[in-house]
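The values are calculated or read from the model by the stated rules, or taken from the named source; none is laboratory data. Please read all numbers here as calculations on a predicted model, not as lab measurements. Note that we place each Cβ from the backbone using ideal geometry, even for glycine, and neighbour counts take in every protein chain shown.
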Amino acid sequence: MKRKSIDRIFFAIVVALLIVGFFIFVSAALGTLEDGKSKFWNMLLSQIGFGFIGGALVMYIASRIKYQIIRKHAFWLLAISVVLSLLVFVPGIGMEHGGARRWIDLGITTFQPGELLKFSIIVYLAAWLTLYKRKIHSPLFGIYPLLGVMGIACAIFIAQRDTGSFLITACAGASMYIVAGARWRDILILFLIGIVGLGALALWRPYVLDRFTTLWNHTDFQGSGYQLRQSLIAIGSGEVVGKGFGQSVQKFTYLPEAQGDSIFAVASEEFGFIGSSLLVILYLLFALRGLWIAAYAPDVFSGLMAVGLVILIVSQSFINIASMLAIAPLTGVPLVFVSHGGTALLVAMAEVGILLNISRYRNI
């Protein structure tokens, strides 16, 4: 099939998200100046160097190489991701922060293998569902392998205390399974397994139950609702047009992880309802154009992979936003293209590069 140019509309949406996200991040990161200028500059340089510059390079490479190569190495990509994700539990290699073990300490920086694991699961499921698409109604080739892969992801992410990443990956995997032609009976089974599993997890891990109770406990200033309470104060104080760039008060000591999980609250305080709504609209446009690319993908594998990657990015972003608005439980997942996190941004840019690659071969 003859190669076309990349989808310029999708690329423009991504560039807009990156530009807006960078300014929001810089403002939110100013809240760390109370801990010293060095922390601010280290955070900024890490985000620019590892995230934006490294991400741009990875995106370009991913947009140029043939996406079929990824399919050939799907299994080994998943295997390597699993091994790297397990290394976080090795003393001297893994690093703990806030009670979670999600990072590998590289000395000069850290690496979060869970981001790579999410991506590799999408690729592997796309390859599997493509190979056995005609047998997907058979449990042996459909729902059982899906549950097996998700079981591996669940075990790793829950052990890392990263429930949010598992839920996002499960959402993307289920979406791919539905698009591949799953029966309604199997979809209902997946839904019931998810509800029962989440309930069991909440009983087994108190911190998961705590995230749910936070939704109606955020009036407790000293309890688990503190972050959500401060988030709602920040969002409410932004009113319609916001306080202006750099003028957030909550990012200074009041709002936990202002440059990370809570960054949407900072954006809402500074740019108000209008600015935060425009940010949500950008993510909606990303989703719609990304799914358009999936709909006109040249083959089954690229179409399923595109669906998975789009849902992965968009569901994470909307879950982050919903948690700041007290619509969903706090998950600890970053806002894609905006929050601090070099690994998350690097992998997201690679995923965008693959979507741009697929758009080169679109059937239209």
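Within the stretch 273-293, which residues are among the aliphatic types (A, V, I, L, M), over 17 Å from Val336 (Cα atoms) and touching a residue at least 24 places away in the same chain (Cβ under 8 Å)?
Step one: of the stretch 273-293, the residues among the aliphatic types (A, V, I, L, M) are 274, 278-282, 284-285, 287-288, 291, 293.
Now drop any that are not over 17 Å from Val336 (Cα atoms), which leaves 274, 291, 293.
Passing the criteria: Ile274, Ile293.
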Scanning the stretch 314-343 for residues that are assigned to a helix (DSSP H, G or I), buried (at least 24 other Cβ atoms within 10 Å of the Cβ) and under 13 Å from the mean Cα position of the chain (by Cα) gives Gln316, Ser317, Asn320
Could you count how many residues in the stretch 137-151 are surrounded by fewer than 21 Cβ atoms within 10 Å (Cβ to Cβ), part of a helix (DSSP H, G or I) and more than 21 Å from the chain's Cα centre (by Cα)?
3
What number of residues in the stretch 103-115 are under 17 Å from Gly332 (Cα atoms) and either of a type in the set (A, V, I, L, M, F, W, C) or over 16 Å from the mean Cα position of the chain (by Cα) (or both)?
2
Quick check on this structure: which one of Ile80, Ile104, Ile108 is at pLDDT 85 or above, out of contact with any Cys (no Cβ under 8 Å at 6 or more places or on another chain) and β-branched (Val, Ile, Thr)?
Ile80
Right, Ser302: out of contact with any strand residue (DSSP E or B) (no Cβ under 8 Å at 6 or more places or on another chain), without any contact (Cβ under 8 Å) to a residue 12 or more places away in the chain and polar (S, T, N, Q) or not?
no
Write out, first by first residue and then by second, each pair whose Cβ atoms fall under 8 Å of each other, whose residues are 6+ apart or on separate chains, and whose first residue, in the stretch 201-216, is aromatic (Phe, Trp, Tyr) while the second is in a helix (DSSP H, G or I) and surrounded by 16 or more Cβ atoms within 10 Å (Cβ to Cβ).
Phe212/Ala202
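Conditions (1) under 21 Å from the mean Cα position of the chain (by Cα); (2) more than 14 Å from Phe157 (Cα to Cα), marked per residue:
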| site | (1), (2) |
| --- | --- |
| Phe75 | no, yes |
| Gly92 | no, yes |
| Arg101 | yes, no |
| Ala126 | yes, yes |
| Thr130 | no, yes |
| Lys135 | no, yes |
